[in-house]
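Undergrad: One structure is given below, represented as structure tokens, and several questions about it will come after.
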Amino acid sequence: MRGMEWFGALASAALVAVLYVALLVAPEAVGEGAVQRILYIHAPSAFAAYGCIFVAAGASAVYLWKRSPAADRLAASAAEVGVLMCTFVLVTGSIWGRARWNAWWTPDPRLTLMLILWAIYVSYVLLRAFGGDDEEIAPYAAVVAIAGVLAIPAIRVSSRLMRGIHPSVIAPRDGGTGLADPYMRLALWGGAVAMLLVAAWLVTVRTRLERVEREVRAVRRAADAAEGVV
Amino acid sequence: MRAVLAIVRKDLLIEWRTRETVVTTAVLGILLVTVLAVAHDPTPAAAPALVAPVVWAAVVFTGLLGVERGFLLEREQDCLGGLRGAPIDPTALYVAKLLVNVLLLSVTQAVVVPLTGLFLRVDLWHAVPSLVVVLFLGTVGFAAVATLFAFVTVRLRTRQVMLPLLVLPLLMPLLIAAVKATEAVLGPGLGTARDAVGVLVSFDVIFVTAGLLLFPAIIRD
Amino acid sequence: MSHLGYMFAGYTVVIIGLLLYVRRMVSRLREVDEELHELRRRLGEAGPHR
């Protein structure tokens, strides 16, 4: 477990460092107020979310191909952490919208994409939770994860079809016009790295947990059988 | 591909004899349209804007119910085991179920769509050819996803809830594009809906292909 | 709420969310450990009787 603890410490340190830069070092964006700094946790969470989603889909594909239980465990964990990250994106995006334009939801295509992806991977998590036996439901869950990624291009294009996007509503993500100050860029990209590290660590721990839990479930079944039907 | 035709024939024959799916889903569709039209009670000016969303809400609602039955049939008396044992390519099973679903859904739509026009007092006749195209494209995409996930959920006790839960988020882009395309068809014309139709076509291609590739992977067990 | 307030709210949500998730994983690890011990005990008892 030592390696995992170091990994966790590293990820946390990176996050703290980025928070320092984001909150204290980076200059305030002109005309937007302090709340603009939410970008430095909003966009990085989105990076991490996509990372998790692609890992989940990739692992699912490997599982369907090789039927490797390790791939399945990775997929399940990545999807769960991905949902967590998506939630962060949606909540911070909502707070930002409320602060800036007095609207808890903005028809931004990127936010819509994130919302739909959140729904897709929540359904993945629910399927795993209520779909019965792990090994049985695994291929079906894998299909969900892969379909989610396949839907991304369609979601992106169709989100832009909605409601003729009013330019001023689109919140600058990686700074549409480019973040001027180098410290701002540091906060953003450093934040992306930090959140990816955090997500990677969470997925690693969650995958280990999944392996142990499944093994214990198997042992429990064996124990029940050994004692006779109790 | 003879297998595909055989399965399609079998399913359609069952449907023809019992008429259970088409009748129940068509009636449900009518009820839904009635409720939506009556509840909203739009002014004559506002009514045309309602046609597209009402039609597609009805398509989704009835579609989810109708598609369930496709694999439910197979579970009875373990027909699925029989199908797996037979030297049939699993993709044939998927294609067959897909075709049957598209057909049955189209039949339901043939009833529900004119009725929507009736209730909302909107003239749909001038747009029929384009409307048929849009409905077809949307239905194929819907069926591609729904058929795949109907197989996934048919084994679950919670299937009635899990199917919409899994399918609706994935269908969002299709629905957005379908509604936009339908609105364009009823208004300025299909030409203005190029982007929306593009989304429909690419969605169809992506997800029919996905279904063809993924279905064999999950039927193996 | 001032702009600053909203900003802090946003960061707080994320940090608390992360901490809660980690906490849940730690407690699940602990539970699974306990279950493992209990199972070993059960299998130990079942052994001699066979």
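Undergrad: Within segment A:79-100, is there a residue that is without any contact (Cβ under 8 Å) to a residue 40 or more places away in the chain and polar (S, T, N, Q)?
TA: Yes: segment A:79-100 contains one or more residues that are without any contact (Cβ under 8 Å) to a residue 40 or more places away in the chain and polar (S, T, N, Q).
Undergrad: Out of all the residues in segment A:129-165, which are over 12 Å from residue B:214 (Cβ atoms), part of a helix (DSSP H, G or I) and not aliphatic (A, V, I, L, M)?
TA: A:130, A:134, A:135, A:136, A:148, A:153, A:156, A:158, A:159, A:160
Undergrad: Taking the residues in segment A:122-137 that are more than 9 Å from chain B (Cβ to nearest Cβ) and modelled with pLDDT of 90 or more as candidates, determine which candidate is nearest to residue C:11 (Cα to Cα).
TA: A:125
Undergrad: OK, next. I need a count of the residues in segment C:1-22 that are hydroxyl-bearing (Ser, Thr, Tyr), at the interface with chain A (Cβ under 7 Å from one of its Cβ atoms) and within 26 Å of residue A:77 (Cβ to Cβ). Working first, answer last.
TA: First pass over segment C:1-22, keeping only residues hydroxyl-bearing (Ser, Thr, Tyr): C:2, C:6, C:11-12, C:21.
If we keep only those that are at the interface with chain A (Cβ under 7 Å from one of its Cβ atoms) too, we end up with C:6, C:11, C:21.
Imposing the further condition that a residue be within 26 Å of residue A:77 (Cβ to Cβ) reduces the set to C:11, C:21.
Residues in segment C:1-22 being hydroxyl-bearing (Ser, Thr, Tyr), at the interface with chain A (Cβ under 7 Å from one of its Cβ atoms) and within 26 Å of residue A:77 (Cβ to Cβ): 2 in total.
Undergrad: Moving to a separate point now. Within segment A:178-227, work out how many residues are more than 21 Å from residue A:72 (Cβ to Cβ) and either of a type in the set (A, V, I, L, M) or at pLDDT 95 or above (or both). Spell out how you get there, then give the answer.
TA: Going residue by residue through segment A:178-227, those that are more than 21 Å from residue A:72 (Cβ to Cβ) are A:178-198, A:223-227.
Within this subset, residues satisfying the condition of being either of a type in the set (A, V, I, L, M) or at pLDDT 95 or above (or both) are A:179-180, A:184, A:186-188, A:192-198, A:223, A:225-226.
Total satisfying the criteria: 16.
Undergrad: Across segment A:66-89, what is the total count of residues that are crowded, with 20+ Cβ neighbours inside 10 Å and either more than 25 Å from residue C:9 (Cα to Cα) or more than 10 Å from every other protein chain (Cβ to nearest Cβ) (or both)? Even if it seems obvious, please write down each step before you answer.
TA: At the first step, the residues of segment A:66-89 found to be crowded, with 20+ Cβ neighbours inside 10 Å are A:71-86, A:88-89.
Within this subset, residues satisfying the condition of being either more than 25 Å from residue C:9 (Cα to Cα) or more than 10 Å from every other protein chain (Cβ to nearest Cβ) (or both) are A:71-79, A:82-83, A:86.
Of the residues in that region, 12 qualify.
Undergrad: OK, next. Condition check: over 20 Å from residue A:64 (Cα atoms) and touching a Gly at 6+ places or on another chain (Cβ under 7 Å). Does residue B:168 satisfy that? Even if it seems obvious, please write down each step before you answer.
TA: Working: over 20 Å from residue A:64 (Cα atoms): yes; touching a Gly at 6+ places or on another chain (Cβ under 7 Å): no.
Here the answer is no, as residue B:168 does not meet what is asked.
Undergrad: So which residues in segment B:123-137 are of a type in the set (A, V, I, L, M), over 14 Å from residue B:181 (Cβ atoms) and either surrounded by fewer than 17 Cβ atoms within 10 Å (Cβ to Cβ) or touching a strand residue (DSSP E or B) at 6+ places or on another chain (Cβ under 8 Å) (or both), if there are any at all? Steps first, answer last, please.
TA: Residues of segment B:123-137 of a type in the set (A, V, I, L, M): B:124, B:127-128, B:131-135, B:137.
Remaining after also requiring over 14 Å from residue B:181 (Cβ atoms): B:124, B:128.
Across segment B:123-137, the qualifying residue is only B:128.
Undergrad: Still on this structure: Determine which single condition residue A:62 fails, assuming it passes every other condition in (1) aliphatic (A, V, I, L, M); (2) within 13 Å of another protein chain (Cβ to nearest Cβ); (3) under 30 Å from residue A:184 (Cβ atoms); (4) out of contact with any Asp or Glu (no Cβ under 8 Å at 6 or more places or on another chain).
TA: All conditions are met except number (3).
Undergrad: Can you give me the number of residues within segment A:17-57 that are within 10 Å of chain C (Cβ to nearest Cβ), surrounded by fewer than 21 Cβ atoms within 10 Å (Cβ to Cβ) and part of a helix (DSSP H, G or I)?
TA: Of the residues in segment A:17-57, 3 are within 10 Å of chain C (Cβ to nearest Cβ), surrounded by fewer than 21 Cβ atoms within 10 Å (Cβ to Cβ) and part of a helix (DSSP H, G or I).
Undergrad: Kindly indicate the residue of segment A:90-109 that is more than 27 Å from residue A:140 (Cβ to Cβ) and within 14 Å of chain B (Cβ to nearest Cβ) and also surrounded by the fewest Cβ atoms within 10 Å (Cβ to Cβ) among those meeting that condition. Walk me through how you get there before you give the answer.
TA: Step one: list which residues in segment A:90-109 are more than 27 Å from residue A:140 (Cβ to Cβ), which gives A:91-109.
Of the ones still in play, those that are also within 14 Å of chain B (Cβ to nearest Cβ) are A:107, A:109.
Working: A:107: 15, A:109: 18.
Result: A:107.
The values are calculated or read from the model by the stated rules, or taken from the named source; none is laboratory data. Given the structure is predicted, the values throughout are model-derived calculations rather than measurements. Cβ atoms come from the backbone with ideal geometry, glycine included; neighbour counts cover every protein chain shown.
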